[in-house]
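Bear in mind that the values in this text are calculations on the coordinates, not laboratory data. A quick note: this is a predicted structure, and the numbers were derived from the prediction, not measured. Cβ: placed from backbone, ideal geometry, glycine included. Neighbour counts: every protein chain shown.
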2 protein chains.
Amino acid sequence: MKKSPLDSSAMTEHGSPSGRRGRWRSGEQSRQRILDTARSLFRQHGYGGTTVRAVAAAAGVDPAMVFYFFGTKQGLFAAVADMSADFPPAVDEVFAGGLDGVGERIIRTLVELVDKSDRAPLATITRFAPTHDQSEALLREFIDREISGRLRALLDTPDAAMRVAMVNVQLLGITVARYVLRIEPIASASADELVTRFGALVQHCLTGELP
Amino acid sequence: MKKSPLDSSAMTEHGSPSGRRGRWRSGEQSRQRILDTARSLFRQHGYGGTTVRAVAAAAGVDPAMVFYFFGTKQGLFAAVADMSADFPPAVDEVFAGGLDGVGERIIRTLVELVDKSDRAPLATITRFAPTHDQSEALLREFIDREISGRLRALLDTPDAAMRVAMVNVQLLGITVARYVLRIEPIASASADELVTRFGALVQHCLTGELP
DNA sequence: CGTGAACTTCACCAGGCGATGAAGAAAAGA
DNA sequence: TCTTTTCTTCATCGCCTGGTGAAGTTCACG
């Protein structure tokens, strides 16, 4: 039934493109082009709004090749979505520095990370997954695991949960304002300016006096 | 298949507008049911993810009726979207009270308005319009007109734009956290708690000392 | 060379989509 | 009553969708 070679990780022996002893036929290149194109289109138009044929056309490939490599449209999406779990390096430093100045660090990391990642706002995940429920659950888990969990570990006050949640509100608000809706002057502000503006605010949410 | 002979329950709309003498056959009811169903489905699945047939089925109506009343799918969407410009009453009071305590008022109005409106987050507009670009521009304009513009009129400091933008970040963050992603404990918090937590924060963004 | 696997193309299907047009059925107006 | 307007249904169109199967085509390897 399915003859699709889905587990591509088995043959990850390519150091450089077309490096397979002289030359290789081209299969991996096509696969990669489909993958890149699909990721771009999924982000732009969402899952339902992206057709396999459109991906194939944009990648300069026959539509059947998409099914040859990924089996189904869901398989293609799964292959694209899997590659999105690869930016833990800088995040650790944010929380490693302790509670002092964590506000500035968290804002700086968020903004710089997303800024340089070629228009890849986290919130785009929301329009990314097959169903909205799925994508929302995905993003909620991510936030809880990577941000809330670690922040909560730094606090031991009784209202830690609410304080952390207020930080989440800041992060979500900045992300939506700057990257999704592009509201001025947030969208055009420099990273430094956002850090000075919101760093103190986040710090206040964590360690300041709350009503 | 079935044509349920209309249960005449609570048709509160026409008082006398199209005063077609006493009762009317039923057309307006069908129209309204299609409209309500469509609005719900558009919000849940977006424009592309909602089919005319699904709307018709959920409304208990023949698909052709949708086209009879609204012409095209875009026409249906337009009819649904147009009704979203009908909540200016409470908003005016927020800004009429002056700068003092505007933070609490704006949070309270936002939360209570959205809470009681049967799961109708503003940010849902993002997944609402035919294209994402359209919906984003729509929402951006709305925010600028209804919130930023009025807030800016209350301030005359040189950094008014940034202060207002920071308020927007709060509002967007709360909306996304509470209604879209449903992050705890924001999602389950009472309106009063959110007002006390974020009211002061918003007020600080507007009138407090900024770095 | 030949064989066979990896890759590519093409023809095609079943189904759902938005949309149309004509034929009913029920109330309004005469 | 008959006629007209309004609403409802049904059959159908053309298009595009995700997906399949079978032919090529190109290369590695014996």
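Of note:
- Sum of side-chain charges, A:Ile34 neighbourhood, beta-carbon under 14 Å (Lys, Arg +1; Asp, Glu -1): +2
- Across the copies of the chain, A:Asp36 has label points (7 Å from Cα along Cα→Cβ) spaced 5.1 nm apart, shortest distance listed first.
- Calculated from backbone phi, Karplus (6.51, -1.76, 1.60) coupling profile of the stretch A:190-205 in Hz, x at Gly/Pro: 6, 4, 4, 5, 5, 5, 5, 6, 9, x, 5, 5, 5, 4, 5, 4
- Vicinal HN-Hα couplings computed from phi for the stretch B:98-112 (Karplus, 6.51 cos²θ - 1.76 cosθ + 1.60; Hz; Gly/Pro x): x, 6, 6, x, 5, x, 4, 5, 5, 5, 4, 5, 4, 5, 5
- Sparse packing (at most 15 other Cβ atoms within 10 Å of the Cβ) combined with a DSSP loop state is found for the following trypsin sites (Lys or Arg not before Pro) in the stretch B:145-211: B:Arg182.
- Distances between copies at A:Ala78, taken between label points 7 Å from Cα along the C-beta direction, are 4.3 nm in increasing order.
- Couplings 3J(HN,Hα) of the stretch B:174-181, computed from phi: 4, 4, 5, 5, 7, 10, 8, 8 Hz, in residue order, whole Hz [Karplus 6.51 cos²θ - 1.76 cosθ + 1.60, θ = phi - 60°; x for Gly and Pro].
- Each other copy places its own label point for B:Asp92 at 5.9 nm from this one, sorted shortest first, where the point lies 7 Å along the Cα-to-beta carbon line.
- For the stretch A:145-185, a simple Cβ point-charge model (Lys and Arg +1, Asp and Glu -1, everything else neutral) yields a dipole of about 120 debye relative to the Cα centre.
- Rounded, prolate or oblate (a/c below 1.5 giving rounded, otherwise prolate when a/b exceeds b/c) for the stretch B:27-82 by Cα gyration tensor: rounded
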